[in-house]
Protein chains: 2
Amino acid sequence: MDNRAVLTDYVRRMTGALMNSGVTAVVISPGSRSTPLAYAFASTENLDVYMQVDERSAAYFALGLAKASRNPVVLLCTSGTAASNYHPAITEAYYARIPLVVITADRPHELREVGAPQAIDQIRMYGNHVKYSFDFPLAEDNSDIDDFIDRHISRALAVATSTPYGPVHLNVPFREPLLINFEREAPIATFHKRITGSVVLDASTRQQITNLLSKSEKGIIIAGEMPVDLDKKTFWKFAEALNWPVLCDPLSNLRAEVPSSCTELCIDQYDALLKSSMFCGQAVPDTVIRFGAQPVSKPLSLFLKKVRPSTVLAVDESPEFRDSLGVVTHHIQASPEAVFGVVVDKPRTSYMELWAVANNKATAITDRYEGVIGNEGIYAKLLFEHLPNGSDLVSGSSMPIRDVDTFFRKTTKDISIFTNRGTNGIDGVVSTAFGIQVARKRKAWLLIGDLSFLHDVNGLIVSRFHEMDLTIVVINNDGGGIFSYLPQAESGNYFEELFGTPTGLTFDHLAAMYDAQYAAVKTPEVFSEELRRPKNKPVRIIEVFTNRQVNVKAHRDLWTQITERLDQHE
Amino acid sequence: MDNRAVLTDYVRRMTGALMNSGVTAVVISPGSRSTPLAYAFASTENLDVYMQVDERSAAYFALGLAKASRNPVVLLCTSGTAASNYHPAITEAYYARIPLVVITADRPHELREVGAPQAIDQIRMYGNHVKYSFDFPLAEDNSDIDDFIDRHISRALAVATSTPYGPVHLNVPFREPLLINFEREAPIATFHKRITGSVVLDASTRQQITNLLSKSEKGIIIAGEMPVDLDKKTFWKFAEALNWPVLCDPLSNLRAEVPSSCTELCIDQYDALLKSSMFCGQAVPDTVIRFGAQPVSKPLSLFLKKVRPSTVLAVDESPEFRDSLGVVTHHIQASPEAVFGVVVDKPRTSYMELWAVANNKATAITDRYEGVIGNEGIYAKLLFEHLPNGSDLVSGSSMPIRDVDTFFRKTTKDISIFTNRGTNGIDGVVSTAFGIQVARKRKAWLLIGDLSFLHDVNGLIVSRFHEMDLTIVVINNDGGGIFSYLPQAESGNYFEELFGTPTGLTFDHLAAMYDAQYAAVKTPEVFSEELRRPKNKPVRIIEVFTNRQVNVKAHRDLWTQITERLDQHE
């Protein structure tokens, strides 16, 4: 076989094996060394190929696609610092348990470590932030190698999509010339099918869990972030049988599509409730069962750390279960769904009543909340009220997710909420949102702060190459809003220089650059009007101007109102 | 001592030890976990503190500062993906041999690998792309630790600034509370002074080099990229004695401030000359001595690889000497300056004459070059002619540096040229340019392509916090211009989608966003006018619209003219 045929077969095998392992989308950044695989992907049917010039944004876009689709997504770039730019999203994917398949094209051995251009040491370059890393051989006319390629791609994909899911890295060297033969028929691959049934709990484990739940008199369920395709119905059956309050993190997506029989069980105001020390005193649980990641709410964390319930079950598929509070007493290594099957019927208690009543009191106050000019929470509230059935919201880290926690209330509407909570970075959020929108194919909103938006303005580049449908609500408080809640803000020293970092930037010009629909908003009234205005461009930016100082005060005022209401003996 | 005092002393020791090791500048990205060190830096006198919100750009800005100042520069960020964003610039720094001191704040051990927010595995997270990585202990009231901190910071800095220079990583955990006591007097550190004289060659090594150079009849000197503070006078004494042609890469900075006695020796048109196979046949050397990195010119590389001169000396301080062509016969492990001292007097030869005559012929053609509308080289030429004595030019990778190679001619003017050639990335170039301008404190220009500019638009953020003085000439050919020179362009398949990637973006709105002076240019005449127009804002963007197809043709036409002229027997 000639070299071009050998190279063609090699990349066609890779593409075939990837697709057989469930890959349906590839995100490519332009480059020369990656040419053979880029060609193979571009000329493959039934594969969505996306282009993004900035590799950092490309990786976060792929992360969004994988997060929303629950399928492994391939990233492809050339050799050199292009690969280093993937690192932030890979880190997030590792901790958020998202299956990215990172392919870095490399120089052949004779051009490594000799000062060749765009040649860096790419072997295991993402260290402990990938689950698996493999350096492939060059294309070769050798049937042992052929078979090896097929099998090894499948193996890497199996690692990426075994619990806990996560990123894998394939380093693939290519020697020039880099052209392939488009006419050549793809080789027939030797596939071995991967058989993975669903894992179920054995009888003794079920009994153990049943015993732990049965003996509790004051139990709560905590639902943290879980995959978007979670079986909600089975969850609510589990909760309804227990008759326990369910503290639903916004990212559990269990605040949406709540069955009418479970409305009372669904506690969505715990972040405010647990700011009251009187309520905390009354609400001490003896047992907690947590599904998914640890919740966003800091008051909830402080509460658990303080009261240290005697039994805390964490259901987590990974041996590296999440417990930054150090309160977990039993780690159930299983999928949430497997544990939902452990139905334990219990009667309604006064403890449940306590949570439901308090939640209603807080809700009454939050519902009346109108905020003041410059405050941010009101915009999250208005956005939540506006979001139609069947839409998605992506939230930035820092302030936005906290406002979502407070103002995104339980509902029968189908609204899913996404954010990057693997590492809580403010980076890559715009790209993640685009990835989610494209994978979900429905209306999407992004609620994001000005610094986070600025960090990933290059996320917008993807909208120059592909059809997108996203409304971005940028809360512009001219700097890092979250820092205003920290003791650093009170000390005053160097605060604005080191933490506030006001850039003075606005995003009207940026919207013009990217031909996005734009509106500047300074009051809740104007925001409501804007939400009602039709969207007429693929990307829409609503820039909301707020004030960091006013915002801190307004939030604290709301929480004080709720605390005072709870502390009243009526 | 109370905790705050202990923490204060700890970070004050770090700051003191860093400054004693030659640090004069710190680049900080806002974050909470890094607060104690951020405070310590901000409140230290005689330390330049720069803020940049985007950590990727921050690291490239620090790289520029360190490259131009030749001092180690500190980077500081919070824990989590902030640290991952440093990876691209760290990779470049490693291969470009730039002393960055990367400090990543971390969570204490009890918050690692337990799912705590913004906590990732930061231990050795940059893998083989740093020279040294160390995980510091928490602040502690313990005199052994005190002394250890001082010494270990000095040790890390010694590694960063030993040849070959490079980045080091210090991971520093902090436990809450994170505030320090600004009133507290800094502790007295126990410093050990580092004594490093200059390394000189012993007599036998000098003799060996002298013998190798003496026996040659057709020798050439290749000057690649070397540090900006190179002793040019000693270099030219070395070259003048040998009387050999000096092939000066633009990044050697030896095309500028050429002593009048050496003008003929300085060959600046070799890239064009070596495209002529007739000239290549005549110019075969028996001996080559190369200083610094491998040159930009591809024809020069192909020439050396083809003719394989019998003696090729590479002067490189690192044991990992650069030789991607595999032609080096002798690696002299020494600083360039040490070898410049080996003066070998030789007579002028006809071989030298051959190069000088050919260089003059090519120059005559390049000088007359006017290009056509849509061509890019003419803008590099006009920019070069315009640059005043005492200014700096930063060049993007890909096309810009190649046009600089062709059109930046030898001169008596003091003009320094910088680019990121450690890994030749198109990323981070805007930030690098700002860092260079700030360190050099003189007028700076950046010549950059549209994709590279777009990749680091966030480099502009630093101009919101600090005084900058940069003119950015963006060559906008709407996509990746360099790919048009590759075989991929000729094959036609998927070319625009995968390689051209035209975004259709222009930068007028971006200029407005950052309050930069702006002009759009479509012809060389208008460009000349713009260069003459006074600069009236800290940042100026001149956007030059060109055409990728026209550009390839125009470049090829110029090279054909030169080749034909060389091939004429007169």
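The values are calculated or read from the model by the stated rules, or taken from the named source; none is laboratory data. Bear in mind the structure is a predicted one, so any value in this text is a computation, not a measurement. No Cβ is skipped: glycine too gets one built from the backbone with ideal geometry, and neighbour counts run over all protein chains shown. Calculation scope for accessible area: heavy atoms of the full protein, side chains included, ligands and nucleic acids excluded. Shrake-Rupley method; radii C 1.70, N 1.55, O 1.52, S 1.80 Å.
The single condition among (1) in contact (Cβ under 8 Å) with a residue 60 or more places away in the chain; (2) within 11 Å of chain A (Cβ to nearest Cβ); (3) acidic (D, E) that B:D106 does not meet is (2). If I filter the stretch A:299-307 for residues that are open to solvent by 10 Å² or more (accessible area, probe 1.4 Å), assigned by TED's automatic domain parsing to the domain that holds A:A272, of a type outside the set (A, V, I, L, M) and over 20 Å from B:P117 (Cα atoms), do I get at least one hit? Looking for residues that are open to solvent by 10 Å² or more (accessible area, probe 1.4 Å), assigned by TED's automatic domain parsing to the domain that holds A:A272, of a type outside the set (A, V, I, L, M) and over 20 Å from B:P117 (Cα atoms), one finds none in the stretch A:299-307, hence no.
Given the structure, is A:S79 under 30 Å from A:A439 (Cβ atoms), in a loop (DSSP other than H, G, I, E, B) and either open to solvent by 40 Å² or more (accessible area, probe 1.4 Å) or not assigned by TED's automatic domain parsing to the domain that holds A:S29 (or both)?
Details: under 30 Å from A:A439 (Cβ atoms): yes; in a loop (DSSP other than H, G, I, E, B): yes; either open to solvent by 40 Å² or more (accessible area, probe 1.4 Å) or not assigned by TED's automatic domain parsing to the domain that holds A:S29 (or both): no.
Against the criterion (under 30 Å from A:A439 (Cβ atoms), in a loop (DSSP other than H, G, I, E, B) and either open to solvent by 40 Å² or more (accessible area, probe 1.4 Å) or not assigned by TED's automatic domain parsing to the domain that holds A:S29 (or both)), A:S79 does not qualify.
Residues of the stretch B:1-48 that are without any contact (Cβ under 8 Å) to a residue 60 or more places away in the chain and at positive phi: B:N46 alone. Output the residue which, of all residues in the stretch B:232-282 that are within 18 Å of the chain's Cα centre (by Cα) and assigned to a loop (DSSP other than H, G, I, E, B), is nearest to B:G422 (Cα to Cα). Checking each candidate, the answer is B:D249. Within the stretch B:122-136, the set of residues being open to solvent by 40 Å² or more (accessible area, probe 1.4 Å) and part of a loop (DSSP other than H, G, I, E, B) comprises B:I123, B:R124, B:K131. Summed over the stretch A:3-42, residues that are under 26 Å from the mean Cα position of the chain (by Cα) and of a type in the set (K, R) total 0.
Residues checked against (1) at pLDDT 95 or above; (2) more than 8 Å from chain B (Cβ to nearest Cβ); (3) closer than 30 Å to A:V49 by Cα:
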| site | (1), (2), (3) |
| --- | --- |
| A:D478 | no, yes, no |
| A:G504 | yes, no, no |
| A:A511 | yes, yes, yes |
| A:Q517 | yes, yes, yes |
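Contact map, the stretch B:486-506: residues that are outside the structural domain of B:L454 (by TED's automatic domain parsing) paired with residues that are open to solvent by 50 Å² or more (accessible area, probe 1.4 Å), Cβ distance under 6 Å, separation 6+ or inter-chain. No pairs are found.
Is it the case that some residue within the stretch A:49-60 is farther than 27 Å from A:E183 by Cβ, without any contact (Cβ under 8 Å) to a residue 40 or more places away in the chain and open to solvent by 10 Å² or more (accessible area, probe 1.4 Å)? Yes.
Checking each residue in the stretch B:83-97 for being in contact with a Ser or Thr (Cβ under 8 Å, 6 or more places away or on another chain), open to solvent by 10 Å² or more (accessible area, probe 1.4 Å) and part of a helix (DSSP H, G or I) picks out B:Y95, B:A96. Going by what's in this entry, would B:A314 be described as open to solvent by less than 10 Å² (accessible area, probe 1.4 Å), closer than 20 Å to A:R112 by Cα and either in contact with a Lys or Arg (Cβ under 9 Å, 6 or more places away or on another chain) or small (G, A, S) (or both)? Criteria met by B:A314. Here the stretch A:387-399 is the region considered, the condition is being in contact with a helix residue (DSSP H, G or I) (Cβ under 8 Å, 6 or more places away or on another chain) and open to solvent by less than 10 Å² (accessible area, probe 1.4 Å), and the residue that is nearest to A:I482 (Cα to Cα) is A:S397.
Within the stretch B:341-380, the residues that satisfy the criterion of being outside any loop (DSSP other than H, G, I, E, B) and open to solvent by 20 Å² or more (accessible area, probe 1.4 Å) are B:S350, B:E353, B:L354, B:V357, B:N360, B:K361, B:A364, B:D367, B:R368.
Evaluated against (1) open to solvent by 70 Å² or more (accessible area, probe 1.4 Å); (2) in contact (Cβ under 8 Å) with a residue 40 or more places away in the chain, B:K535 falls short on exactly one condition, (1).
Yes/no per residue for (1) over 28 Å from A:K67 (Cβ atoms); (2) modelled with pLDDT of 95 or more; (3) buried (at least 18 other Cβ atoms within 10 Å of the Cβ); (4) of a type in the set (G, A, S):
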site: A:D150; (1), (2), (3), (4): no, no, yes, no
site: A:A189; (1), (2), (3), (4): yes, no, yes, yes
site: A:T196; (1), (2), (3), (4): no, no, no, no
site: A:V200; (1), (2), (3), (4): no, no, no, no
site: A:T205; (1), (2), (3), (4): yes, yes, no, no
site: A:L213; (1), (2), (3), (4): yes, yes, yes, no
site: A:S216; (1), (2), (3), (4): yes, yes, yes, yes
site: A:I220; (1), (2), (3), (4): no, yes, yes, no
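Scanning the stretch B:66-81 for any residue that is at pLDDT 95 or above and within 8 Å of chain A (Cβ to nearest Cβ) turns up at least one such residue.
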